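Report on the structure given below.
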């Protein structure tokens, strides 16, 4: 990569390690050490969140724009900051309503948990300094939601290992609650799902936040056509998740339902329908993102790579390290080009917003375009050079 491209890449936050990234690496290493030291407690708790998250990473590999380090960081946020806030606020709720309050356990706690798990997503989508707010896709937000929820699930399930009545059987308990979900041998169809009393289900913390994150991403894609009505989608998904979570807790405590709640819960498949809805929405999001990438191919044509002109295929690399560097640069280039396309969609679908925010978005897209041009030159043999060597 040329010096100019490197400078732009660093400015955009996708180049070599900055000071902030160094702190992030230390944060990850510290968290990893804690997980390894408590592996007898964290091993089983990590299994199903990791299963779901890896599956989603594979499914979205050709649509994502975010680097994996952001996924790791959001997972750690979900396992540290979010549970800390949850424990503090849950303690205050129990202090006000009493430890045995059914209202707090069935209504307030589910609302609290499902809201706080979204906090990192909302925080990072609002500040202008977070560059991905301009270019992030719907499946990216689903992945980040899954990471936050997975971290939260890891924290919550690890705590079981420290509760006397679960400490000897926490792994068996987790395998039982998750293992009862539909599966074909070792292949779980809904690896995040919890199966509880009377065959009730909760989509699970990992998939719950992924579900709402995906609907936020879809709302951002659709807001140019639907306006603020698009935000009904994430609000509805959040309400659905809270409903499932609350009734799952209620049946676990009381053991039965009656009246209108039982009727609604039956239509909801006793909590199982939300998992199916997530997969259907994911399919729709993948198709929508591919349509966006296809429909803007004319505007991004200057940044299309010519496979036969890649240095990787021309044998112009001097050593294995340079080869690895080119592969990594190619991966970053393709990721950034997808983000650039999503950014063009946001800008044009909003009617080329002339406001200050719109101009900031345009300015950022111009910076990305400059970086892509430099990256393209660093990845390909220049036409003049190729002609001279032919």
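When 261, 280, 305, 287 are checked against the criterion of being in a helix (DSSP H, G or I) and modelled with pLDDT under 90, 261 stands alone in meeting it. Identification of helices (runs of 4 or more DSSP H) wholly contained in region 114-218 with 2 or more residues that are touching a helix residue (DSSP H, G or I) at 6+ places or on another chain (Cβ under 9 Å), assigned by TED's automatic domain parsing to the domain that holds residue 66 and modelled with pLDDT of 90 or more yields 119-125, 138-160. Of all residues in region 222-240, those satisfying the criterion of being out of contact with any helix residue (DSSP H, G or I) (no Cβ under 6 Å at 6 or more places or on another chain) and either over 22 Å from residue 115 (Cα atoms) or touching a residue at least 40 places away in the same chain (Cβ under 8 Å) (or both) are 225, 226, 227.
Every residue, every condition in (1) under 14 Å from residue 139 (Cβ atoms); (2) touching a helix residue (DSSP H, G or I) at 6+ places or on another chain (Cβ under 9 Å); (3) in contact (Cβ under 8 Å) with a residue 40 or more places away in the chain, yes or no:
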{"residue": "249", "(1), (2), (3)": "no, yes, yes"}
{"residue": "258", "(1), (2), (3)": "no, no, no"}
{"residue": "267", "(1), (2), (3)": "no, yes, no"}
{"residue": "279", "(1), (2), (3)": "yes, no, no"}
{"residue": "282", "(1), (2), (3)": "yes, yes, yes"}
{"residue": "289", "(1), (2), (3)": "yes, yes, yes"}
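Could you tell me whether any residue of region 132-143 is surrounded by fewer than 20 Cβ atoms within 10 Å (Cβ to Cβ) and under 16 Å from the mean Cα position of the chain (by Cα)? Within region 132-143 (the criterion being surrounded by fewer than 20 Cβ atoms within 10 Å (Cβ to Cβ) and under 16 Å from the mean Cα position of the chain (by Cα)), the answer is yes, since at least one residue qualifies. Taken together, 365, 379, 286 contain a single residue that is buried (at least 17 other Cβ atoms within 10 Å of the Cβ) and assigned by TED's automatic domain parsing to the domain that holds residue 135, which is 286. Scanning region 88-113 for residues being loosely packed, with under 13 Cβ neighbours inside 10 Å and over 20 Å from residue 241 (Cα atoms) gives a total of 8.
This table checks each residue for (1) assigned to a helix (DSSP H, G or I); (2) touching a helix residue (DSSP H, G or I) at 6+ places or on another chain (Cβ under 8 Å).
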| site | (1), (2) |
| --- | --- |
| 23 | yes, no |
| 47 | yes, yes |
| 65 | no, yes |
| 70 | yes, yes |
| 78 | yes, yes |
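Given the criteria in a helix (DSSP H, G or I), out of contact with any helix residue (DSSP H, G or I) (no Cβ under 8 Å at 6 or more places or on another chain) and more than 29 Å from residue 340 (Cβ to Cβ), does residue 84 qualify? Spelling it out, residue 84 is indeed in a helix (DSSP H, G or I), out of contact with any helix residue (DSSP H, G or I) (no Cβ under 8 Å at 6 or more places or on another chain) and more than 29 Å from residue 340 (Cβ to Cβ).
The values are calculated or read from the model by the stated rules, or taken from the named source; none is laboratory data. Since this is a predicted model, take the numbers as computed values, not measurements. A quick note on method: Cβ atoms are made from the backbone with ideal geometry, for glycine too, and the neighbour counts reach across all protein chains shown.
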